[in-house]
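See structure below.
Each reported figure results from applying straightforward, stated rules to the coordinates on display, with no laboratory input. A quick note: this is a predicted structure, and the numbers were derived from the prediction, not measured. Virtual Cβ from ideal backbone geometry, glycine too; neighbours counted across all protein chains shown.
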Amino acid sequence: MSDLVASAALRYAEENTSPFEGPLAVAAAWTQDNTSAPAMMSGLAEARLLEALIVAGGARRVLEIGTFTAVGTLSMAAAVPADGRVTTLEVDADIAAVARRHIDASPHGRRVELIVGDALETIAGLEGPFDLVYIDAWKADYPAYFDAVVPKLAERGVIVADNLFRDGAALDPTAQDEGTLGMREFASAVQRDVRVRNVLLTIGDGVMLAWRRPPDEQ
């Protein structure tokens, strides 16, 4: 596919995807206008994919690793049932304060539990199972996040990991920065792991889905 066709396809896809609305749109616009790295927020396609997975799978308990400004958080909170819960983890207290403002402004904010601190330490103390786990945090730690959450994944749960392409760096063998190496290691670990099946989607910056194999296939 040529770059021109790919660009046109992306525009066409976005034009035919439900746009952000209400407090979610406000959070996305604030992130775009007030952060140095707005691309860190969940894009429209990723956010709607997360919602679809929650609705299709009937997810009630969701774990998010990496809150940022809570755009992805609020997308998922809108999709879980009224008694559902999105537990979201953020290491940066200042960013967490911004996320909290967006969460509090949302009618679905009561479904969100925001925990500030080191993600791996926090995960160790959380009780599963989780129906969906969304990983969008420190790229070098993706392999460790995966190892930490697989045992806490529900029998029919799904792991969703963003930024597998790392803006193209993961496809460039000369790119050897810590984050890119972590993403490659993560992709390879998921591909080899006999406990799960997986698919790498070309949505956004690359989204990996992984889910448990049936017990008799592990």
If amide H atoms are built 1.01 Å from N in the plane of the peptide, which residues on other chains or at least 5 residues away come under 5 Å of the amide H of Val112?
Val86
Compute the relative contact order of the chain as a whole-number percentage, counting only Cα pairs closer than 8 Å that sit 6 or more residues apart in sequence.
16
Pick from Ala154, Ala82, Ala187: which is most flexible by mean-square fluctuation in a GNM of the chain where alpha carbon atoms under 10 Å apart are linked?
Ala82
Picking from Pro143, Pro81, Pro19, which is most flexible by a Gaussian network model of the chain using Cα springs under 10 Å?
Pro19
Given the options Gly168, Gly43, Gly157, which has the most mean-square fluctuation in a GNM of the chain, springs set between C-alpha atoms less than 10 angstrom apart?
Gly168
In order over segment 57-66: 3J(HN,Hα) from phi, Karplus 6.51/-1.76/1.60, θ = phi - 60°, whole Hz, x for each Gly or Pro, gives x, x, 5, 10, 10, 10, 10, 10, 9, x
From the phi angles alone, apply the Karplus equation (6.51, -1.76, 1.60; θ = phi - 60°) to segment 19-31 and give each ³J(HN,Hα) in whole Hz, x where the residue is Gly or Pro.
x, 5, 9, x, x, 5, 5, 4, 4, 5, 5, 4, 4
Regarding segment 3-217, what are the three Cα extents along the principal axes, ordered largest first, in Å?
46, 43, 32
I'd like to know which of Val207, His102, Val80 lies farthest towards the positive end of the charge dipole of the chain, counting +1 on Cβ of Lys and Arg and -1 on Cβ of Asp and Glu.
Val80
Among DSSP beta bridges whose residues both lie in the chain, state the antiparallel percentage, nearest 5.
35
Using each residue's phi in segment 89-100, evaluate 6.51 cos²θ - 1.76 cosθ + 1.60 at θ = phi - 60° and report the 3J(HN,Hα) Karplus result to the nearest Hz, with x for Gly and Pro.
10, 9, 7, 8, 5, 5, 5, 4, 5, 5, 4, 4
Using +1 on the beta carbon of Lys and Arg, -1 on that of Asp and Glu, and nothing else charged, what's the dipole of the chain about the Cα centre, debye to 20?
640
In segment 139-193, what GluC sites (Glu not before Pro) fall in a loop by DSSP, with at most 12 other Cβ atoms inside 10 Å?
none
Gain in span if fully extended, Asn198 to Asn16, counting 0.36 nm per residue against the direct Cα distance
62.9 nm
Under-5 Å amide H pairs with Glu64, H placed in peptide plane, nonlocal only
Thr87, Thr88, Leu89, Tyr134
